[in-house]
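**Student:** Would you mind keeping the following structure in view while I ask a few things?
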Amino acid sequence: MNPFETRPSPRILFGDGRLADLPACVRELGASRPLLVTDPGIVAAGHVGRAVDLLRGAGIGVEVFEGAHVNPAESDIEACRAFAAELAPDLIIGLGGGSSMDTAKGCNFLLNNGGRMGDYRGYGHAREPMLPFIAVPTTAGTGSECQSYAVVSRDGSHEKMACGDPKALARVAILDPELTASQPLAVARLTALDALSHAVESAVCTRRNPVSIASSRQAFRLIKGVIGEVIAGEAGAASRGRMLLGAAMAGSAIENSMLGAAHATANPLTARYGVPHGHAVARMLPAVVRFNMAAAEAAATYQEFSGWLGRPLDEWLEELVAAAQLDPVMVPLEDFGELVGLAMEQWTGQFNPRPLDREGVAELYGELVVKEVGA
């Protein structure tokens with residue numbers, strides 16, 4: 001068995017109505033002036049008002065930054081930092097989807113450590129302490145609540161940067177399935193497919209270990225049983241709970257391992273063409289599974305997953321993509337070389353179980369993605 005090292009997990013509070021525990025969690029962390037980071041959609045859904053009422057009702061003075069955007073950029077993080085700097089909070093709460101939590105974590109990097117998010121690309125570059133962080137997801141997908149990374153896009157190029165540090169990990173993650181009921185169907189579909197991709201990729205990546213594998217496997221088992229209902233818009237409370245817990249466990253699996261070629265090839269589609277991340281990674285994942293069948297250990301894991309499904313994994317993934325009504329990703333043939341080059345620069349690609357080279361990336365894109373416009 002190869003040597004490995006695991007990272008801690010946040011304290012997880014799971015169950016319907018657990019948002020009510022937020023004031024107690026703030027108190028337990030010794031805070032009294034939290035900053036709540038969220039986005040306008042979560043405000044409109046009523047979740048922010050409820051959280052604020054709970055906190056203020058408990059005598060906790062909370063301020064709200066509601067300017068988080070999808071795929072937050074460096075400038076978005078700076079705007080949140082500037083807002084927070086005027087308030088001097090003693091704790092940060094991220095309430096919303098992955099973008100709200102990434103904005104909250106990014107702000108936390110800059111408050112005491114200064115600079116810009118690009119300074120923290122990679123892992124462990126924050127020299128000064130960071131504020132306690134509480135994550136409250138309202139979508140079941142990114143698993144950001146269980147990760148010490150903020151994923152932030154560069155201004156201008158939209159290149160995604162993973163900025164991680166042990167101090168950025170949430171102290172507490174509140175998983176309240178009631179909060180996910182407000183997701184629009186399109187969001188629920190894409191976040192569910194994203195969570196599934198995390199479970200599948202982390203299960204076979206070269207950094208996997210007994211701890212991450214246990215999380216990946218359980219995440220897959222939870223998600224596979226309910227993702228069909230989620231995609232169909234028929235998920236009830238129990239299924240939403242399983243999806244939310246599965247997404248968090250997949251996030252924990254990433255935290256203790258890594259991802260692979262599906263994310264390496266999906267990210268340039270988001271940065272270059274604006275394809276939503278869940279859409280891009282779901283489109284790439286079946287091809288990546290077939291590509292990785294040449295790696296013996298990955299093939300064994302895929303075969304185990306196929307056994308649980310009662311059908312080949314890649315075929316099941318294709319069926320989910322079709323059920324989610326995801327349009328094909330069309331890019332001009334003249335962009336092919338640039339797209340391959342961008343994928344080769346992605347950090348996650350180096351952890352794919354089958355080594356990636358330009359020919360391999362071209363094969364992946366050629367199967368499902370790169371077609372002449374209008375063909």
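**Student:** Only one of (1) surrounded by 18 or more Cβ atoms within 10 Å (Cβ to Cβ); (2) out of contact with any Pro (no Cβ under 9 Å at 6 or more places or on another chain) is not met by Cys80, so which one is it?
**Tutor:** Single failed check for Cys80: (2).
**Student:** I'd like to know if segment 223-233 contains one or more residues that are modelled with pLDDT of 95 or more, within 15 Å of Phe305 (Cβ to Cβ) and hydrophobic (A, V, I, L, M, F, W, C). Reasoning before the result, please.
**Tutor:** The initial filter retains those residues of segment 223-233 that are modelled with pLDDT of 95 or more, namely 223-233.
With the extra rule that they be within 15 Å of Phe305 (Cβ to Cβ), the set shrinks to 223-225, 227.
Adding the requirement that they be hydrophobic (A, V, I, L, M, F, W, C) leaves 223, 227.
Yes, there is a match, as at least one residue in segment 223-233 is modelled with pLDDT of 95 or more, within 15 Å of Phe305 (Cβ to Cβ) and hydrophobic (A, V, I, L, M, F, W, C).
**Student:** Provide a single number: the residues in segment 77-107 that are assigned to a helix (DSSP H, G or I) and within 18 Å of the chain's Cα centre (by Cα).
**Tutor:** Just the residues of segment 77-107 that are assigned to a helix (DSSP H, G or I), to begin with: 77-85, 98-107.
After this cut, where a residue has to be within 18 Å of the chain's Cα centre (by Cα) as well, the list is 77, 98-107.
Matching residues across segment 77-107 total 11.
Conditions tested, residue by residue: (1) closer than 22 Å to Tyr273 by Cα; (2) charged (D, E, K, R); (3) buried (at least 16 other Cβ atoms within 10 Å of the Cβ).
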site: Ala299; (1), (2), (3): no, no, yes
site: Leu313; (1), (2), (3): no, no, yes
site: Gln325; (1), (2), (3): yes, no, no
site: Glu338; (1), (2), (3): yes, yes, no
site: Gln346; (1), (2), (3): yes, no, yes
site: Phe351; (1), (2), (3): no, no, yes
site: Arg358; (1), (2), (3): yes, yes, no
site: Glu363; (1), (2), (3): yes, yes, no
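**Student:** For segment 151-198, what are the residues that are assigned to a strand (DSSP E or B) and modelled with pLDDT under 95? Working first, answer last.
**Tutor:** Kept after step one, since they are assigned to a strand (DSSP E or B), are these residues of segment 151-198: 151-153, 160-164, 172-175.
Matches in segment 151-198: Val151, Val152, Ser153, Lys160, Met161, Ala162, Cys163, Gly164.
Quick grid of which residues meet (1) under 20 Å from Ala299 (Cα atoms); (2) surrounded by fewer than 23 Cβ atoms within 10 Å (Cβ to Cβ); (3) hydroxyl-bearing (Ser, Thr, Tyr):
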site	(1), (2), (3)
Glu201	yes, no, no
Leu245	no, yes, no
Ser257	yes, no, yes
Gly260	yes, no, no
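**Student:** When segment 92-149 is examined, which residues are found to be on the phi > 0 side of the Ramachandran plot and touching a strand residue (DSSP E or B) at 6+ places or on another chain (Cβ under 9 Å)? If you could, list the steps in order and put the result at the bottom.
**Tutor:** So the first thing to find is which residues in segment 92-149 are on the phi > 0 side of the Ramachandran plot, and the list is 96, 114-115, 122, 124, 143.
Result: Gly96, Gly122, Gly124, Gly143.
**Student:** Let me ask something additional. For segment 108-121, which residues satisfy the criterion of being without any contact (Cβ under 8 Å) to a residue 40 or more places away in the chain and part of a helix (DSSP H, G or I)?
**Tutor:** Our first condition is that a residue be without any contact (Cβ under 8 Å) to a residue 40 or more places away in the chain; within segment 108-121, this holds for 110-115, 119.
Correct list: Leu110, Leu111, Asn112, Asn113, Asp119.
**Student:** Taking segment 25-71 only, how many residues are surrounded by 21 or more Cβ atoms within 10 Å (Cβ to Cβ) and free of Cβ contacts under 8 Å to residues at least 12 places away in the same chain?
**Tutor:** Residues in segment 25-71 being surrounded by 21 or more Cβ atoms within 10 Å (Cβ to Cβ) and free of Cβ contacts under 8 Å to residues at least 12 places away in the same chain: 0 in total.
**Student:** Name the residue that is nearest to Ala280 (Cα to Cα), counting only residues in segment 140-150 that are in a loop (DSSP other than H, G, I, E, B) and of a type in the set (S, T, N, Q).
**Tutor:** Of all residues in segment 140-150, those in a loop (DSSP other than H, G, I, E, B) come to 140-143, 147-148.
Keeping just the survivors that are of a type in the set (S, T, N, Q) gives 142, 147-148.
Numbers: Thr142: 14, Gln147: 21, Ser148: 23 Å.
Step by step, filter segment 140-150, then rank; the result is Thr142.
**Student:** Something else about it: Quick one: would you say Asp327 is outside any helix (DSSP H, G or I), among the acidic types (Asp, Glu) and closer than 24 Å to Gly228 by Cβ?
**Tutor:** Against the criterion (outside any helix (DSSP H, G or I), among the acidic types (Asp, Glu) and closer than 24 Å to Gly228 by Cβ), Asp327 qualifies.
**Student:** Is it the case that some residue within segment 336-353 is closer than 30 Å to Ser153 by Cα, in contact with a Ser or Thr (Cβ under 7 Å, 6 or more places away or on another chain) and either not in a helix (DSSP H, G or I) or not assigned by TED's automatic domain parsing to the domain that holds Ala262 (or both)? Give the derivation first.
**Tutor:** First pass over segment 336-353, keeping only residues closer than 30 Å to Ser153 by Cα: 336-353.
Cutting the leftovers down to in contact with a Ser or Thr (Cβ under 7 Å, 6 or more places away or on another chain) gives us 343, 351, 353.
Of the ones still in play, those that are also either not in a helix (DSSP H, G or I) or not assigned by TED's automatic domain parsing to the domain that holds Ala262 (or both) are 353.
Yes; the residues of segment 336-353 include at least one that is closer than 30 Å to Ser153 by Cα, in contact with a Ser or Thr (Cβ under 7 Å, 6 or more places away or on another chain) and either not in a helix (DSSP H, G or I) or not assigned by TED's automatic domain parsing to the domain that holds Ala262 (or both).
**Student:** Something else about it: Consider Phe305 against the criteria (1) at pLDDT below 95; (2) of a type outside the set (Gly, Ala, Ser); (3) within 22 Å of the chain's Cα centre (by Cα): it satisfies all of them except one. Which criterion is unmet?
**Tutor:** Of (1) at pLDDT below 95; (2) of a type outside the set (Gly, Ala, Ser); (3) within 22 Å of the chain's Cα centre (by Cα), only one is false for Phe305: (1).
**Student:** So Ala235 passes all but one of these: (1) more than 14 Å from the chain's Cα centre (by Cα); (2) surrounded by 22 or more Cβ atoms within 10 Å (Cβ to Cβ); (3) farther than 25 Å from Leu185 by Cα; (4) of a type outside the set (Phe, Trp, Tyr). Which condition number does it fail?
**Tutor:** Result: Ala235 passes all but (3).
**Student:** To continue, here is another question. Considering each of Ala322, Ala282, Ala300, Ala287 in turn, give the residue that is under 21 Å from Leu190 (Cβ atoms), without any contact (Cβ under 8 Å) to a residue 12 or more places away in the chain, out of contact with any strand residue (DSSP E or B) (no Cβ under 8 Å at 6 or more places or on another chain) and of a type in the set (A, V, I, L, M). Step through it out loud before you land on a result.
**Tutor:** Numbers: Ala282 fails: without any contact (Cβ under 8 Å) to a residue 12 or more places away in the chain; Ala300 fails: under 21 Å from Leu190 (Cβ atoms); Ala287 fails: without any contact (Cβ under 8 Å) to a residue 12 or more places away in the chain.
After ruling out the rest, the residue left standing is Ala322.
**Student:** In addition: Among the residues of segment 199-229, which ones are outside any helix (DSSP H, G or I) and among the charged types (D, E, K, R)?
**Tutor:** As a first pass, look at segment 199-229 and keep what is outside any helix (DSSP H, G or I): 205-209, 225-226.
Across segment 199-229, the qualifying residues are Arg207, Arg208.
The values are calculated or read from the model by the stated rules, or taken from the named source; none is laboratory data. No experiment lies behind these values; they were computed from the predicted model shown. Heads up, the Cβs are rebuilt from the backbone with ideal geometry, glycines too, and the neighbour counts pull from every protein chain shown.
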